[in-house]
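Notes to accompany the following structure.
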């Protein structure tokens, strides 16, 4: 199947985390259509496993949702930054632990219908405490989850974040 | 942990699928901060299982990603529409099948860092062909996936869409 030819493109907003543009495209059958596109840089998400086999998650208030969410650590890859370095940096900033070992286990778009964001998924093991680098411990709470508790937390929608569910499930499948 | 007090809110864009607003908030410690928020209505995503146990997926070009993606059927809940009706409607429109049985199996935010979208996850079974209602068969290709092929398709990032991975994994966990 062919792609869509861009007839015109209008930048609506250039921001800190996202840009918004509206493209007018021509569908394969020639019909014109409008595509609202949120531009968002690549991100990493990481399933951190401690020496006891617990998964480390972060609890933080998310203004878009109006509530606190329990998520795996994640964040943007900075311009020019190596993806694996981004994993190590986010681990230090959000959890206060540095992983000796990181391994890429997958990747996915978060919202391909309207957003360019791709998340690179990693697991992090052999964690060493590194509290001095923790960025923002006032607004992020670190929570250790036993692996046997994960199923219930997902089915009850206590863990209700797509990247966290996709990441945890990918990790659990590797263990099976 | 307290939420964030909204000091001011500015609507940047009101569109067809999304709106964009920028809020100035006060963090719990009193620091001002900017939050870019993409407003997106609730959605459904559905794992359709045919009588042979295959999962039905749709392949379509996604302009935001510049490529075709393999996804589980999904779409917006229309204003005033019952969520289960939205599942049945999207199934008819995207796959040409009507499910006799739909069951809610979870839910999640797609990108809680900046977007309000919540996806309600269902499985659909007892599928009956209903080709006449198929909306847009020119741009959506229906693909049957055998369950034993799913692991490889996810680990190779051939299936690289967060809602599809979260949905398929949730379904596979129910089978285990």
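The values are calculated or read from the model by the stated rules, or taken from the named source; none is laboratory data. These numbers were taken from a predicted model, which means no experiment stands behind them. Don't worry about glycine lacking a Cβ; one is built from the backbone with ideal geometry, like all the others, and counts go over all protein chains shown.
Would you say residue A:64 is surrounded by 19 or more Cβ atoms within 10 Å (Cβ to Cβ) and out of contact with any helix residue (DSSP H, G or I) (no Cβ under 8 Å at 6 or more places or on another chain)? So residue A:64 passes the test.
Scanning segment B:143-166 for residues that are in contact with a strand residue (DSSP E or B) (Cβ under 9 Å, 6 or more places away or on another chain), part of a helix (DSSP H, G or I) and within 9 Å of chain A (Cβ to nearest Cβ) returns B:154, B:155, B:162, B:163, B:164, B:165, B:166.
One residue stands out in segment A:32-45 among those that are more than 10 Å from every other protein chain (Cβ to nearest Cβ) and surrounded by 14 or more Cβ atoms within 10 Å (Cβ to Cβ): the one that is farthest from residue A:87 (Cα to Cα), namely A:41. Do we have any residue at all in segment A:127-137 that's crowded, with 22+ Cβ neighbours inside 10 Å, at pLDDT 95 or above and not assigned by TED's automatic domain parsing to the domain that holds residue A:35? No. For residues in segment A:11-31 being exposed (fewer than 12 other Cβ atoms within 10 Å of the Cβ) and over 21 Å from residue B:115 (Cβ atoms), which is nearest to the other protein chains (Cβ to nearest Cβ)? Looking at residues that are exposed (fewer than 12 other Cβ atoms within 10 Å of the Cβ) and over 21 Å from residue B:115 (Cβ atoms), I get A:29. Reported count of residues in segment B:49-65, each being away from every other protein chain (no Cβ under 14 Å) and part of a strand (DSSP E or B), is 3. All conditions but one from (1) touching a helix residue (DSSP H, G or I) at 6+ places or on another chain (Cβ under 8 Å); (2) closer than 30 Å to residue B:76 by Cα apply to residue A:98; the one that does not is (2). From the list A:48, A:99, the one residue that fits, being closer than 30 Å to residue B:3 by Cα, assigned by TED's automatic domain parsing to the domain that holds residue A:125 and touching a strand residue (DSSP E or B) at 6+ places or on another chain (Cβ under 6 Å), is A:48. Within segment B:25-51, residues that are without any contact (Cβ under 8 Å) to a residue 12 or more places away in the chain sit with their Cβ atoms under 7 Å from residues that are exposed (fewer than 15 other Cβ atoms within 10 Å of the Cβ), at 6+ positions apart or across chains, in these pairs: B:29/A:138.
As an exercise: evaluate residue B:140 against (1) under 16 Å from the mean Cα position of the chain (by Cα); (2) modelled with pLDDT under 95; (3) more than 16 Å from residue B:58 (Cβ to Cβ) and give the number of the one condition it does not meet. Checking residue B:140 against (1) under 16 Å from the mean Cα position of the chain (by Cα); (2) modelled with pLDDT under 95; (3) more than 16 Å from residue B:58 (Cβ to Cβ), the one that fails is (3). The single condition among (1) assigned to a strand (DSSP E or B); (2) in contact with a helix residue (DSSP H, G or I) (Cβ under 9 Å, 6 or more places away or on another chain) that residue A:172 does not meet is (1).
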